[in-house]
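*Asks:* A single structure is presented below for examination.
The values are calculated or read from the model by the stated rules, or taken from the named source; none is laboratory data. Model, not experiment: these values are computed from the prediction. Every residue, glycine as well, gets a Cβ built from its backbone with ideal geometry; the counts of neighbours run over all protein chains shown. All accessible areas refer to the heavy atoms of the entire protein, side chains included, with ligands and DNA or RNA removed. Shrake-Rupley method; radii C 1.70, N 1.55, O 1.52, S 1.80 Å.
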Amino acid sequence: MDMSGYKPRLISLTKRPGHTFGFYLRMEQGEDGHLIRCLDMGGPAELAGMKDGDRLLRVNGKFVDGLCHSEVVDLVRNSGVTVAFHILDEASYKQAKTEGVNLSNPQSPSLANGVAKHAPKPKLCYLIKSKSGYGFSLRSVKDEPGVFFVIDVLPGNVAHMAGVKVNDRLLEINGENVEDASHDQVVDKIKSSGDKLMILLADEETHEHYKSKLMKIGSWLATIKYLPHKPRSINMTKASDGYGFLLREDPKQSGHFMKNIDKGSPADRGGMKEADRLLAVDGKDVEKCSHEQVVDMIGQSGNKCNLLVIDKETDQMFKLGKVSPIVFYEDKKTSNLPPSYSEALNLPTPGNSSVRPQVTKEELKPKLCTLEKASAGYGFHLNGIQGVCGQYIHEVVKGGAADRAGLEDDDILVEVNGVNVEKSTHEEVVEMIKRSDSRLEMLVASRSVYDQLTTEGVTVTRLLLGNTSYAQVHHEDSPGSNSKARQEDNAKAASSNKAVRERKSSSSSEDSVDVRL
C-alpha cells in the first residue's frame, strides 16, 4: 500500500551555535521506528510542532526508517545547523505499519513545520537614527499589554526605507521579546539603543497565521530581505598555489579571520575581503571549531570550497539583534531548493506554488545603463538607508532618462561611472551622481539576479556582461549619441579587465595560527 492516506509533516529546524535542536532521538524495546522524545520546552523542535512519540521518517530527504540508530544520529549531526525532518505522528505510524504501508514512497504532500511551505514570515528591520529620529511612532492597545503597532511612517524616512510599514506589530527590540513589556519599557529600550536599532515586526496576516498554529514568533522565522547587510557566500576553485589567503586566529577576539588576500587569487575573485570573519566551510558551522579543525575542513574540500564569511559591519548588525548569521545563511540556502531535493521532500513544484521564479543562467547578468541628463533630471529616485551601504533604484519616471536607458524599479545599484558603490553610503552615492554632470553610467542588476549571484558567491562586475551586446548595455537614445561605438568601447574594456594579474604566493608565516590555503 502507498501513503496516500497519510500526511507526514516536514519540519525544518535551525539550532543556534553551541545548542541542540531540543529533542532526543531514541529506539525503544517493543516500539518500531526512531522516536522523538524529551522535547525541550521552548526549544526549536517543540516550537516547530514536534510531539513526543512522533516517528522520524526522513532526514534532508533521505529515508531513514530502516536504518540503524547510530546511522541516523550521525546523519543528523553531520547535516549542519539546519536540518529538514519528515515526521509522522505516533498513531498514524503504528496504523501504517499494521496496514503494511510503504513509508519510503509517500504519495501525499508534506506539511512544512505543520503549516504551508510558503508561510508568511516576520521581518527584521535595521534602522540608523537620523537627525529627526527613527521615523515612526508606536501605538499601544488599551487592556492588551505587550501589543504595539507601528504608526506614522512617512515615505522616504529612515523607518520606511528599512522596510517598516504602518500597522506592523512590534515583537522584538535588539533581540529581546517585548510582548510582555509596557509602553514605557518599550520606549526606554528604543531610547537606550543609541543610534542603531534592530526590530522584529509582523504584519497582521503573519501574526494571525502563527497565532492560529499556536506557534511563537521569533527571529528564527524571519526574512532578512530588508536587512542592508548579509553574510557572503564565496565559491573558490583552488589554483596551483592554493586559494590565495591566510586564515588567522586573533588573540584579541574570538573567530577565524581572513588576511593577506593575494590579488587575482581564487579568494580575491570570489569576493573575499581583508578581515572577513569565517562562519562556515561547505555549509558547516566553524565558530566553535579550533584553528586546526578549520584548516583540516578546508583541506578536505578538495579543489573546490565554499566559505561563508561576514565583514565587521555586518557582524555588528547581527550581534545587535542577537541573531546568528549562520541561521539566516541556512535559511537562504534552503529557500530555493534544487529540483532533486524538492522531489525528495515531495514538495509542490514551482509551477504550482508562489515561489520566486528562478533566473536562467543566460539571464544572470547585470545591466550597464548610460543616462543623459534631461531638463527634468535623470528621472529616478535612489533609495537606501541613511548612513548604511546598499542602494536601489526607485520611482523610475516613465519616458524619462532612466526609463529610456533601461533602469527599472528595485534594480540594485552596483557601480556609478565605473566605481563600485556596494559598500558606499547613501550620501556618498548621491554625491557621486551629482558630480557626474550631465552624463551618468550605472551598472545595476535586478533584485532577483543580484540575490541569486551573491548567494552563489559571484561578485557582480562588468565582466559578467561577457561579449557586450545591446541586450546588456542600455543607452538613452539622444541626438548625436553613438550607442554602437560606446558599446564596443565597453566590450573592449571588459575584455581587457579579464587579464587579471596573479601575485606569487608569499612565504608561510612562522606564526602557528597562520596557514596558507
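*Asks:* Of all residues in segment 41-77, how many are in contact with a Ser or Thr (Cβ under 8 Å, 6 or more places away or on another chain) and in a loop (DSSP other than H, G, I, E, B)?
*Replies:* Total satisfying the criteria: 4.
*Asks:* On the basis of being farther than 22 Å from Ser324 by Cβ and either crowded, with 18+ Cβ neighbours inside 10 Å or at pLDDT below 85 (or both), does Arg26 make the cut?
*Replies:* For Arg26, the condition - farther than 22 Å from Ser324 by Cβ and either crowded, with 18+ Cβ neighbours inside 10 Å or at pLDDT below 85 (or both) - is not met.
*Asks:* Filter segment 197-226 down to the residues that are out of contact with any helix residue (DSSP H, G or I) (no Cβ under 7 Å at 6 or more places or on another chain), of a type in the set (A, V, I, L, M, F, W, C) and at pLDDT 85 or above and list them by number.
*Replies:* Ile199, Leu201, Ala202, Ala222
*Asks:* Scan segment 261-273 and tell me whether some residue there is among the charged types (D, E, K, R), under 26 Å from Asn60 (Cβ atoms) and within 21 Å of the chain's Cα centre (by Cα).
*Replies:* No: segment 261-273 contains no residue that is among the charged types (D, E, K, R), under 26 Å from Asn60 (Cβ atoms) and within 21 Å of the chain's Cα centre (by Cα).
*Asks:* Can you pull out every residue in segment 408-449 that is modelled with pLDDT under 85 and in contact with a Pro (Cβ under 9 Å, 6 or more places away or on another chain)?
*Replies:* Within segment 408-449, Ser448 is the sole residue that qualifies.
*Asks:* A further question on this structure: Ser92 is checked against (1) part of a helix (DSSP H, G or I); (2) open to solvent by 60 Å² or more (accessible area, probe 1.4 Å) and fails just one. What number does that condition carry?
*Replies:* Answer for Ser92: the failing condition is (2).
Conditions tested, residue by residue: (1) of a type in the set (A, V, I, L, M); (2) in a strand (DSSP E or B); (3) within 17 Å of Val164 (Cα to Cα).
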position: Asp184; (1), (2), (3): no, no, no
position: Asp188; (1), (2), (3): no, no, no
position: Ile199; (1), (2), (3): yes, yes, yes
position: Thr206; (1), (2), (3): no, no, yes
position: Lys225; (1), (2), (3): no, no, yes
position: Ile234; (1), (2), (3): yes, yes, no
position: Asp262; (1), (2), (3): no, no, no
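*Asks:* Right, another one. When the residues of segment 235-274 are narrowed to those that are among the acidic types (Asp, Glu) and open to solvent by 30 Å² or more (accessible area, probe 1.4 Å), which ends up farthest from Glu422 (Cα to Cα)?
*Replies:* Here the residue is Asp241.
*Asks:* Take segment 149-178 and flag every residue that is open to solvent by less than 30 Å² (accessible area, probe 1.4 Å), in a strand (DSSP E or B) and under 19 Å from Pro120 (Cβ atoms).
*Replies:* Val150, Leu170, Leu171, Glu172, listed by residue number.
*Asks:* State which residue is modelled with the highest pLDDT when the search covers only segment 101-136 and only residues that are surrounded by fewer than 17 Cβ atoms within 10 Å (Cβ to Cβ) and of a type in the set (S, T, N, Q).
*Replies:* The selected residue is Ser130.
*Asks:* Of these, Lys211, Lys216, which one is of a type outside the set (S, T, N, Q), touching a Phe, Trp or Tyr at 6+ places or on another chain (Cβ under 8 Å) and open to solvent by 30 Å² or more (accessible area, probe 1.4 Å)?
*Replies:* Just one listed residue meets the conditions, Lys216.
*Asks:* Let me ask something else about it. Do you know which residues across segment 275-297 are open to solvent by 10 Å² or more (accessible area, probe 1.4 Å) and more than 24 Å from the chain's Cα centre (by Cα)?
*Replies:* Hits for segment 275-297 are Ser290, Glu292, Gln293, Val295, Asp296.
*Asks:* If the Cβ limit is 9 Å and pairs must be 6+ apart or interchain, which residue in segment 53-75 that is open to solvent by 60 Å² or more (accessible area, probe 1.4 Å) pairs with which residue that is β-branched (Val, Ile, Thr) and part of a loop (DSSP other than H, G, I, E, B)?
*Replies:* Every condition considered, the pairs that remain are Glu71/Val64.
*Asks:* Also, I was wondering about something else. Filter segment 426-449 down to the residues that are touching a Phe, Trp or Tyr at 6+ places or on another chain (Cβ under 9 Å) and in a helix (DSSP H, G or I), then identify the one that is least open to solvent (accessible area, probe 1.4 Å).
*Replies:* Of everything passing the filter in segment 426-449, Ile433 is least open to solvent (accessible area, probe 1.4 Å).
*Asks:* Which members of segment 269-299 meet the condition of being in a loop (DSSP other than H, G, I, E, B) and either modelled with pLDDT of 90 or more or not charged (D, E, K, R) (or both)?
*Replies:* Within segment 269-299, Gly270, Gly271, Met272, Lys273, Glu274, Ala275, Asp276, Gly283, Val286, Cys289, Ser290 meet the criteria.
*Asks:* Considering only residues that are open to solvent by less than 50 Å² (accessible area, probe 1.4 Å) and of a type outside the set (Gly, Ala, Ser), look in segment 179-196 and name the one that is nearest to the chain's Cα centre (by Cα).
*Replies:* Ile190
*Asks:* With (1) open to solvent by 40 Å² or more (accessible area, probe 1.4 Å); (2) aromatic (Phe, Trp, Tyr); (3) in contact with a Leu (Cβ under 6 Å, 6 or more places away or on another chain) as the list, and Tyr226 as the residue in question, which single condition is left unmet?
*Replies:* Among (1) open to solvent by 40 Å² or more (accessible area, probe 1.4 Å); (2) aromatic (Phe, Trp, Tyr); (3) in contact with a Leu (Cβ under 6 Å, 6 or more places away or on another chain), Tyr226 violates only (3).
*Asks:* Could you tell me which numbered condition Asn383 fails, if it satisfies all but one of (1) more than 17 Å from Ala162 (Cβ to Cβ); (2) open to solvent by less than 30 Å² (accessible area, probe 1.4 Å); (3) not basic (Lys, Arg)?
*Replies:* (1)
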